[in-house]
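Novice: The following block contains the structure, expressed as structure tokens.
The values are calculated or read from the model by the stated rules, or taken from the named source; none is laboratory data. It should be emphasised that the depicted structure is a prediction, and the values quoted were computed from it without experimental measurement. Don't worry about glycine lacking a Cβ; one is built from the backbone with ideal geometry, like all the others, and counts go over all protein chains shown. Surface areas here come from the heavy atoms of the whole protein model, side chains and all, with no ligands, DNA or RNA. Shrake-Rupley method; radii C 1.70, N 1.55, O 1.52, S 1.80 Å.
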Amino acid sequence: MTASNTFAGEEREHLGEPPHAHAHVDPLAATRTPADPPWDVYLTGTVFLDIVFTGLDTAPVRGTESWARGMGSSPGGVANMATALARLGLRTSLAAAFGDDHYGEYCWDALEQGEGIDLSPSRTVPGWHSPVTVSMAYEGERTMVSHGHEPPPEEPAPDCPPRARAAVASLTPGKRAPWIAQAASEGTRIFADVGWDDTGAWELTGLADLEHCEAFLPNAEEAMRYTGADCPRAAAHALTEYVPLAVVTLGSEGAYAVDRRTGESAEVPAIAVEALDPTGAGDVFVAGFVTGTLAGWPLADRLAFAGLTAALSVQEFGGSLSAPGWAEIGAWWRRVQSVDGQDPAALRRYAFLAGLVPEEPLTAWPRRRAVPTIGFGRST
């Protein structure tokens, strides 16, 4: 393996999983007690229908027609994160509004029946058009076009969310989400990310709910803009003045994290892969990090696992469609160990997987995942 964490001779295996295959691996098994909350993770947000085009040679050119070599549809938006968490074996509850159109029905079925996600806090809104995003992936990047009507008057983010070990929140500059403080007061550990600040202010004081968060996971550009630091590692240290644990993703360089409570820091390089579609990779990274944190893993192991799950996801198309489960993780781990010439130090970096992944491939394939084309029935 090179310094960029590339495993020699690795080939991407296209593996399915049995229905709810994440139930075969419970990463929190050693920590569970009868007094646990009913859910491992709670989320709320907007579910989009994602239509993803892949295999484009270039960006679309005005006045011309472009053909894509691949296409898929799947629930997107907050569904990317929910699916990634569920496939890693976490008991996941999602509060979201769904349109009463075919798109909404498709997304609801894909999440509840296909992924085993609890949608009891969610609701169908009569007469509401499901939001739609078209994503075009080329040259390792993506271009998106979205459409949606005004959201329902009351988004399903209850002031008293269900009891959960953790929650993942997307912070909005200048706005508070009351459920975050409520959940934190009841012992829920809040993990937060943030989108681009369209106001251009980039003021940490504008992220008021950060005071309730255990961890903040921005990318390098966001971290530097919010802190004024000239490098992402310095930005991570600066962020610990506002939140106990700062995790900054460094793109192709990996990720860096600092824990103020222990004084520990860790950096893990990225696994170099050929990216098909980066849609949802950030959500998968957060899901992997949350999983490792709830399981009580060392900080470096959490970063390595988050980076691995993200690397596996970008080799498939779609956001929620591409989120890896334990079958994919196990297949990768068995594969890299079987290739001659691997760097022993690199293999040791992921040795913690040995006690987690299935020793043999799961055989009841394929997993009942979202059907990539709306209108096709499910095979049984």
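Novice: Can you report the number of residues in region 74-103 which are among the aromatic types (Phe, Trp, Tyr) and either outside any strand (DSSP E or B) or more than 13 Å from Leu119 (Cβ to Cβ) (or both)?
Specialist: 1
Residues checked against (1) at pLDDT below 90; (2) in contact with a helix residue (DSSP H, G or I) (Cβ under 9 Å, 6 or more places away or on another chain); (3) within 30 Å of Thr46 (Cβ to Cβ):
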position: Val268; (1), (2), (3): no, yes, no
position: Val273; (1), (2), (3): yes, yes, yes
position: Ala281; (1), (2), (3): yes, yes, yes
position: Arg302; (1), (2), (3): no, yes, yes
position: Val314; (1), (2), (3): yes, yes, yes
position: Leu321; (1), (2), (3): yes, yes, yes
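Novice: Return yes when Thr46 is free of Cβ contacts under 8 Å to residues at least 12 places away in the same chain, surrounded by fewer than 20 Cβ atoms within 10 Å (Cβ to Cβ) and hydroxyl-bearing (Ser, Thr, Tyr) and no when it is not.
Specialist: no
Novice: Then there's this: Quick one: in region 135-147, which of the residues that are open to solvent by 40 Å² or more (accessible area, probe 1.4 Å) and in contact with a strand residue (DSSP E or B) (Cβ under 7 Å, 6 or more places away or on another chain) is modelled with the lowest pLDDT?
Specialist: Restricting to residues being open to solvent by 40 Å² or more (accessible area, probe 1.4 Å) and in contact with a strand residue (DSSP E or B) (Cβ under 7 Å, 6 or more places away or on another chain), the top hit is Arg142.
Novice: On to the next question. For residues in region 313-361 being of a type in the set (Ser, Thr, Tyr) and either over 30 Å from Phe53 (Cβ atoms) or touching a strand residue (DSSP E or B) at 6+ places or on another chain (Cβ under 8 Å) (or both), which is surrounded by the fewest Cβ atoms within 10 Å (Cβ to Cβ)?
Specialist: That would be Ser338.
Novice: In this structure, does Val290 turn out to be among the aliphatic types (A, V, I, L, M), modelled with pLDDT under 90 and within 23 Å of the chain's Cα centre (by Cα)?
Specialist: It is false that Val290 is among the aliphatic types (A, V, I, L, M), modelled with pLDDT under 90 and within 23 Å of the chain's Cα centre (by Cα).
Novice: Can you tell me which residue in region 219-274 is surrounded by the fewest Cβ atoms within 10 Å (Cβ to Cβ), limited to those that are in contact (Cβ under 8 Å) with a residue 60 or more places away in the chain and polar (S, T, N, Q)?
Specialist: It comes out as Ser252.
Novice: Still on this model: Got a number for residues in region 301-328 being touching a Leu at 6+ places or on another chain (Cβ under 7 Å) and either free of Cβ contacts under 8 Å to residues at least 12 places away in the same chain or of a type in the set (A, V, I, L, M) (or both)?
Specialist: The number of residues fulfilling the criteria is 2.
Residue-by-condition table, conditions (1) charged (D, E, K, R); (2) farther than 23 Å from Phe289 by Cα:
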position: Gly76; (1), (2): no, no
position: Ala79; (1), (2): no, no
position: Ala82; (1), (2): no, no
position: Ala95; (1), (2): no, no
position: Asp101; (1), (2): yes, yes
position: Val125; (1), (2): no, yes
position: Ser135; (1), (2): no, yes
position: Thr143; (1), (2): no, yes
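Residues checked against (1) surrounded by 12 or more Cβ atoms within 10 Å (Cβ to Cβ); (2) modelled with pLDDT under 50; (3) not in a loop (DSSP other than H, G, I, E, B):
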position	(1), (2), (3)
Thr2	no, yes, no
Arg12	yes, yes, no
Gly16	yes, yes, no
Pro34	no, no, no
Pro37	yes, no, no
Ile51	yes, no, yes
Leu56	yes, no, no
Arg62	no, no, no
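Novice: Based on this model, can you work out whether Ser170 counts as closer than 26 Å to Ile51 by Cα, part of a strand (DSSP E or B), modelled with pLDDT of 90 or more and hydroxyl-bearing (Ser, Thr, Tyr)?
Specialist: Answer is yes for this residue.
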